[in-house]
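Student: So that we are looking at the same thing, I have put the structure below in structure tokens.
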Amino acid sequence: MKALIKQLVETYGPSGFEDEVRALIRQHVEPLADDIQVDAMGNLFALKRGEGSGRRIMAAAHMDEIGLIITQVEDAGFLRFSGIGGIPHKALLGTRVRFANGVTGVISHDGGAAAEIGGKELPDMGQWFIDVGARSKEELTVGVGDIAAFVRPFDDLGQRLLGGGLDDRIGCAVLIETMKRLESSPHDVIFTFTVQEEVGVRGARVAAFGREPDIGLAVDVAPTGDTPHPRHPIALKLGGGAAIKVADAGMISHPGVRRALERVARARDIPYQLEVLPFGSTDAAAMQASRAGVMTGAISIPSRYPHLTAEMIDMDDVENVVRLLTAYLSDPNPIENQE
Ligand SMILES: [Zn+2]
């Protein structure tokens, strides 16, 4: 599975430009699916038909990653940009980026690197630029509208993995692995690889509207609170088990889905932890509010340093998320009765 994760993480796919990632995932899921479809926005659906009169479950992970889009080119060859998705300014300085055509550059800002030393406030997005080494505007082979992804090498640390874009290629890997392991289910399961999550869960919105699932389940990363003096009090720990989402800033999980996930985890001795995030959200928020409402929950892979160029995950957590998702999707009662 590590080879699959590496392959997914090393593929270019900022929001709106997920084509390469989709082509790669399609290769993996085509032999496992009963039906494959791509919608107008680029969401990829891989259906595994159920063997009974079960529910229609949409399990979704997003293919896109954060990036930068060029807004203006200066005569001297420097490129101004704005963010695609939530860009942490502190991660920009000195970071390398790569465009779809292979052009690579480094990010800096007006006033030079010295401006941020001493804890001064970081400049606004408009004061940053990308330098691709061009001596003038004429030398550039990228321009307004071109999209850069962050350069973020993948490292296998053994138990743990390091790499940017694990948000949410690790979720895509989990779905692919679950498709392999899911032998039989009473439910029609639509494994959904969504576009444009990072810019406001846009792909999941139309995916859920179009496919009309009874139950929605997002698989994404969630930040942990286990590094020294974390900014937010978060209970999640790296290596602490699959995270079952209770709530984040964008949604409250359907209690029946959440309880069913907990019951399945306990029954199979799968380590899990409950996730409550005071900020952020996932595709689950869009799925839940589709049409007349969808019973929706989420399973997360705990992650350190999300949206930075080196995120960290633990392989035990990945395995536990795959086990939980596989067990849940084959369970005859995916909605627990209310207490
Ligand atoms: Zn994500």
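Student: Could you grab me the full set of residues in the stretch 285-324 that are within 13 Å of GLU262 (Cα to Cα), away from the ligand (no atom under 16 Å from the Cβ) and either modelled with pLDDT under 95 or out of contact with any Lys or Arg (no Cβ under 7 Å at 6 or more places or on another chain) (or both)?
Tutor: Within the stretch 285-324, ASN320, LEU324 qualify.
Student: Then there's this: Quick one: which of ALA267, ALA310, ALA235, ALA249 is surrounded by fewer than 20 Cβ atoms within 10 Å (Cβ to Cβ), among the aliphatic types (A, V, I, L, M) and under 25 Å from PRO153 (Cα atoms)? Lay out the reasoning, then the answer.
Tutor: On the way: ALA267 fails: under 25 Å from PRO153 (Cα atoms); ALA235 fails: under 25 Å from PRO153 (Cα atoms); ALA249 fails: under 25 Å from PRO153 (Cα atoms).
Sole residue among the options that is surrounded by fewer than 20 Cβ atoms within 10 Å (Cβ to Cβ), among the aliphatic types (A, V, I, L, M) and under 25 Å from PRO153 (Cα atoms): ALA310.
Student: Follow-up question, since we're still on this one. Checking THR194 against (1) more than 11 Å from the ligand (Cβ to nearest atom); (2) under 22 Å from ILE84 (Cα atoms), which test does it fail?
Tutor: Only one criterion is unmet by THR194, namely (1).
Student: Whether any residue in the stretch 47-67 is surrounded by fewer than 22 Cβ atoms within 10 Å (Cβ to Cβ) and in a strand (DSSP E or B) is what I want to check.
Tutor: Yes, the stretch 47-67 contains at least one residue that is surrounded by fewer than 22 Cβ atoms within 10 Å (Cβ to Cβ) and in a strand (DSSP E or B).
Student: Continuing with this model, one more query. With the condition kept exactly as written, say whether any residue in the stretch 268-275 is within 16 Å of the ligand (Cβ to nearest atom), in contact (Cβ under 8 Å) with a residue 12 or more places away in the chain and not in a strand (DSSP E or B). Before you say what the answer is, go through the steps one by one.
Tutor: First, pick out the residues of the stretch 268-275 that are within 16 Å of the ligand (Cβ to nearest atom): 275.
Then keep just the ones that are in contact (Cβ under 8 Å) with a residue 12 or more places away in the chain; that gives 275.
So of that shortlist, the ones also not in a strand (DSSP E or B) come out as none.
No, every residue in the stretch 268-275 fails to be within 16 Å of the ligand (Cβ to nearest atom), in contact (Cβ under 8 Å) with a residue 12 or more places away in the chain and not in a strand (DSSP E or B).
Student: So in the stretch 142-167, with the set limited to residues that are of a type in the set (A, V, I, L, M, F, W, C) and either part of a strand (DSSP E or B) or within 16 Å of the ligand (Cβ to nearest atom) (or both), which one is nearest to the chain's Cα centre (by Cα)? Outline the logic, then answer.
Tutor: Applying the first criterion (of a type in the set (A, V, I, L, M, F, W, C)) to the stretch 142-167 yields 142, 144, 147-151, 154, 157, 161-162, 166.
Checking the rest, the ones that are also either part of a strand (DSSP E or B) or within 16 Å of the ligand (Cβ to nearest atom) (or both) come to 147-150, 161-162, 166.
Details: ILE147: 18, ALA148: 18, ALA149: 15, PHE150: 15, LEU161: 16, LEU162: 15, LEU166: 7 Å.
Filtering the stretch 142-167 for residues that are of a type in the set (A, V, I, L, M, F, W, C) and either part of a strand (DSSP E or B) or within 16 Å of the ligand (Cβ to nearest atom) (or both), the one nearest to the chain's Cα centre (by Cα) comes out as LEU166.
Student: Out of VAL174, VAL206, I need the residue that is under 14 Å from LEU8 (Cα atoms) and either away from the ligand (no atom under 16 Å from the Cβ) or under 20 Å from the mean Cα position of the chain (by Cα) (or both). Which one? So that I can check it myself, show each step before the final result.
Tutor: Working: VAL206 fails: under 14 Å from LEU8 (Cα atoms).
On inspection, the qualifying residue turns out to be VAL174.
Student: Here is a further query. Exactly one condition in (1) within 29 Å of SER136 (Cβ to Cβ); (2) touching a Pro at 6+ places or on another chain (Cβ under 8 Å); (3) crowded, with 22+ Cβ neighbours inside 10 Å is not met by PRO14; state its number.
Tutor: Against the list (1) within 29 Å of SER136 (Cβ to Cβ); (2) touching a Pro at 6+ places or on another chain (Cβ under 8 Å); (3) crowded, with 22+ Cβ neighbours inside 10 Å, PRO14 comes up short only on (2).
The values are calculated or read from the model by the stated rules, or taken from the named source; none is laboratory data. Just so we're clear, the structure is a prediction, and the values are computed from it rather than from any experiment. Ideal geometry is used to build each Cβ from the backbone, glycine not excepted, and the neighbour counts take in all protein chains shown.
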